[in-house]
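Engineer: One structure, as structure tokens, below. Some questions next.
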């Protein structure tokens, strides 16, 4: 299964917290699944870190690459098609980062791993 990690899921996986659901942890630890981390999440993490809304032990430019390597996660650049898809989504969810992740998941045919119930209203495969 090809899985796109929501920003919070990536951070929880990186921090090895118990916030992950049992189902999410099971698929994330299954080596047969391919995990993706979006450039959108990197932007979100950097913005929140810079505004002191996200506390990290070290700056994102160190934490993100280390966690990608440690967990075998592939980096997914943001394609213009995903941006156009996100712009056509109904305005049920106002978070621009989540809307872009939804657009990427749809455009790439990925299952989005997220606890965010607001995302369930969109035509995207969800796992939690």
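The values are calculated or read from the model by the stated rules, or taken from the named source; none is laboratory data. All values derive from a computational prediction rather than experimental measurement. With ideal geometry, Cβ positions are generated from the backbone for all residues, glycine too; neighbour counts draw on all protein chains shown.
Engineer: If I filter the range 47-64 for residues that are on the phi < 0 side of the Ramachandran plot and in contact with a strand residue (DSSP E or B) (Cβ under 9 Å, 6 or more places away or on another chain), do I get at least one hit?
Structural biologist: yes
Residues checked against (1) farther than 25 Å from residue 109 by Cβ; (2) at pLDDT 95 or above:
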| residue | (1), (2) |
| --- | --- |
| 9 | no, yes |
| 16 | yes, no |
| 23 | no, no |
| 44 | no, yes |
| 68 | no, yes |
| 80 | no, yes |
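Engineer: Looking at the range 13-35, which of the residues that are touching a strand residue (DSSP E or B) at 6+ places or on another chain (Cβ under 7 Å) and outside any helix (DSSP H, G or I) is nearest to residue 64 (Cα to Cα)?
Structural biologist: The qualifying residue nearest to residue 64 (Cα to Cα) is 35.
Engineer: Looking at the range 18-35, which of the residues that are touching a helix residue (DSSP H, G or I) at 6+ places or on another chain (Cβ under 8 Å) and under 22 Å from residue 76 (Cα atoms) is surrounded by the most Cβ atoms within 10 Å (Cβ to Cβ)?
Structural biologist: It comes out as 35.
Engineer: Do we find that residue 10 is part of a helix (DSSP H, G or I), farther than 17 Å from residue 112 by Cα and either without any contact (Cβ under 8 Å) to a residue 12 or more places away in the chain or in contact with a strand residue (DSSP E or B) (Cβ under 6 Å, 6 or more places away or on another chain) (or both) in this structure?
Structural biologist: No.
Engineer: Report, by residue number, each residue of the range 93-110 that is part of a helix (DSSP H, G or I) and touching a residue at least 24 places away in the same chain (Cβ under 8 Å).
Structural biologist: Residues satisfying the conditions are 97, 98, 100, 101, 104, 105, 106, 107, 108.
Engineer: How about the range 88-128: which of its residues are under 14 Å from residue 40 (Cβ atoms) and surrounded by fewer than 13 Cβ atoms within 10 Å (Cβ to Cβ)?
Structural biologist: 96
Engineer: Any idea which residue in the range 111-128 is nearest to residue 34 (Cα to Cα), counting only those that are touching a helix residue (DSSP H, G or I) at 6+ places or on another chain (Cβ under 8 Å) and part of a helix (DSSP H, G or I)?
Structural biologist: Per the stated criteria, the residue is 119.
Engineer: Something else now. Filter the helices (runs of 4 or more DSSP H) completely within the range 36-92 down to those with at least 2 residues that are touching a residue at least 40 places away in the same chain (Cβ under 8 Å) and in contact with a helix residue (DSSP H, G or I) (Cβ under 7 Å, 6 or more places away or on another chain).
Structural biologist: Working: elements: 39-50, 60-71, 80-88.
Result: 39-50, 60-71.
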